[in-house]
1. Just one of the numbered conditions (1) under 28 Å from Phe202 (Cα atoms); (2) at pLDDT below 95; (3) out of contact with any helix residue (DSSP H, G or I) (no Cβ under 8 Å at 6 or more places or on another chain) is not true of Pro255; which one?
2. Here are some residues: Leu250, Leu245, Leu203. Which one is open to solvent by 20 Å² or more (accessible area, probe 1.4 Å), more than 20 Å from the chain's Cα centre (by Cα) and in contact (Cβ under 8 Å) with a residue 40 or more places away in the chain?
3. From the residues in the range 119-158 that are surrounded by fewer than 18 Cβ atoms within 10 Å (Cβ to Cβ), within 29 Å of Met196 (Cβ to Cβ) and of a type in the set (Ser, Thr, Tyr), which one is modelled with the lowest pLDDT?
4. If we scan the range 185-195, do we find a residue that is outside any helix (DSSP H, G or I) and surrounded by fewer than 21 Cβ atoms within 10 Å (Cβ to Cβ)?
5. Restricting attention to the range 52-66, which residues are under 21 Å from Val10 (Cβ atoms), open to solvent by less than 60 Å² (accessible area, probe 1.4 Å) and without any contact (Cβ under 8 Å) to a residue 60 or more places away in the chain?
6. Within the range 256-306, can you find the residues that are open to solvent by 50 Å² or more (accessible area, probe 1.4 Å), closer than 28 Å to Tyr213 by Cβ and in contact with a Ser or Thr (Cβ under 6 Å, 6 or more places away or on another chain)?
7. If you check Ala67, Ala44, Ala99, which single one turns out to be of a type in the set (Gly, Ala, Ser) and closer than 23 Å to Leu161 by Cβ?
Amino acid sequence: MEKRLGALPVAAEFLRRLDVAGIVDGLCPGGASAHLTHGQVVEALVANRLTSPAPLVRVGDWARTWAVEEVFGIEPDLLNDDRLARALDAIAPELERIAGSVGARAIAEFGIDVSRLHWDMTSMSVHGAFPDGDQDGQYPVIGYGHPKDRRVDLKQVQAGLAVSADGGIPVHARVFGGGAAEVSQVVGAMKDLRGMAGEQDFLMVADSKLVSYVNVTALLAAGVDFIAPVPAAQVKDEVYAALDLTQAQLADWVPERDARKPAGEREAYRVLEDVHTLAGPRKRDPVHRLRRILVHSTAVAAGQCQAREKRLARAREEMDKLAGAAGGGTTRPAIRSRPGPGSSPPSAASPRACAGVSPPMSTASPPWPGTSTPTSWTPRPPSTAGTRC
């Protein structure tokens, strides 16, 4: 009988080196039977997802057409949906410990560099009612939240993933309910990553949800360095209005996409460093003073200038239509960008008029070590690096 082999031997070797079955059976004992342990079932499910994903009722059919018995020593008839469901029920209470143990094993076994870990969350929208009363509150509940795909009409479940800068290898994952606030999950993720990294120091990279007083306090207390964009609401307009582009330092870095362009056509970045203060909700809370780096991009500034001119042109057209409808002649009202507090009116020669000091973003260095593309330099609100001043 001919069977498909595919990547089963590769999957089996990785599962063996990660000791997935041993970790599952160690944390979920009592599932052993005369035929299969929970660990063996989980390894078979992982192999199925990596080769030819199938619903639970079809995993047995997959095992018959693939060389599962020859590679894993598991008879296909044993992989019925009832046995698979019992294994999933057994590992559900220990899922986070299993994921953490497997991640730690991967770091040790394959020598993954965890000196910089990137954490982010995403959402997955689902179709269906999913009443709260039919769900177990001990586990993440499918519900309404703030979906990434903007499908606010659908319920969702969320997932957080931490990957290493060394190859983007996933080392940790967690599942959250649909209504869980993303800002509230940073500390838990940090503690999990701290446990996996052991004694090694690491830099935690995340989005702007990291920069809250509670999160920063916990990160500083744990001695974890971090970097993230500062939420726009935490930086007042007066800060940008007072910036002097001539005082910024030119970054000695060229984006990969501009490497073959003439020097005059390349995107340039200028950086300024200052202090970001983060006060607590109570007067007695200590104020955190954090390093902040502002980055100005010539390409983004030019793009913003073009977008502003288009908006002004559309505004002029609308004003002309209104004037015509009112029976008057064509008018050209003076529409100018409103200067920030303390700044002079913009002019064509002013860097703030067109070149502009756009809401920059900050990072630790241009770019982070090991990165080849300037994703961390996409101009956004400034970032806060987690070091005390």
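1. The failed condition is (3).
2. Numbers: Leu250 fails: in contact (Cβ under 8 Å) with a residue 40 or more places away in the chain; Leu203 fails: more than 20 Å from the chain's Cα centre (by Cα).
Within the list Leu250, Leu245, Leu203, the selection yields Leu245.
3. Ranking the qualifying residues of the range 119-158, first place goes to Tyr139.
4. No, there is no match, as no residue in the range 185-195 is outside any helix (DSSP H, G or I) and surrounded by fewer than 21 Cβ atoms within 10 Å (Cβ to Cβ).
5. Kept after step one, since they are under 21 Å from Val10 (Cβ atoms), are these residues of the range 52-66: 52-54, 59, 62-66.
Adding the requirement that they be open to solvent by less than 60 Å² (accessible area, probe 1.4 Å) leaves 52, 54, 59, 62-63, 66.
If the condition is that a residue be under 21 Å from Val10 (Cβ atoms), open to solvent by less than 60 Å² (accessible area, probe 1.4 Å) and without any contact (Cβ under 8 Å) to a residue 60 or more places away in the chain, then Ser52, Ala54, Val59, Trp62, Ala63 are the ones that fit.
6. Hits for the range 256-306 are Val287, Arg289, Arg291.
7. Values: Ala67 fails: closer than 23 Å to Leu161 by Cβ; Ala44 fails: closer than 23 Å to Leu161 by Cβ.
After applying the criteria, what remains is Ala99.
Yes/no per residue for (1) farther than 17 Å from Val41 by Cβ; (2) touching a Gly at 6+ places or on another chain (Cβ under 8 Å); (3) of a type in the set (Phe, Trp, Tyr):
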site: Leu79; (1), (2), (3): no, yes, no
site: Asp82; (1), (2), (3): no, no, no
site: Ala87; (1), (2), (3): no, yes, no
site: Glu96; (1), (2), (3): yes, no, no
site: Gly100; (1), (2), (3): yes, yes, no
site: Ala106; (1), (2), (3): yes, no, no
site: Phe110; (1), (2), (3): yes, no, yes
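The values are calculated or read from the model by the stated rules, or taken from the named source; none is laboratory data. Just so you know, these numbers come straight off a predicted model, no measurement behind them. Cβ sites come from the backbone with ideal geometry, for glycine too, and all protein chains shown count toward neighbours. We work out accessible area using only protein heavy atoms, side chains counted, and drop any ligands, DNA or RNA first. Shrake-Rupley method; radii C 1.70, N 1.55, O 1.52, S 1.80 Å.
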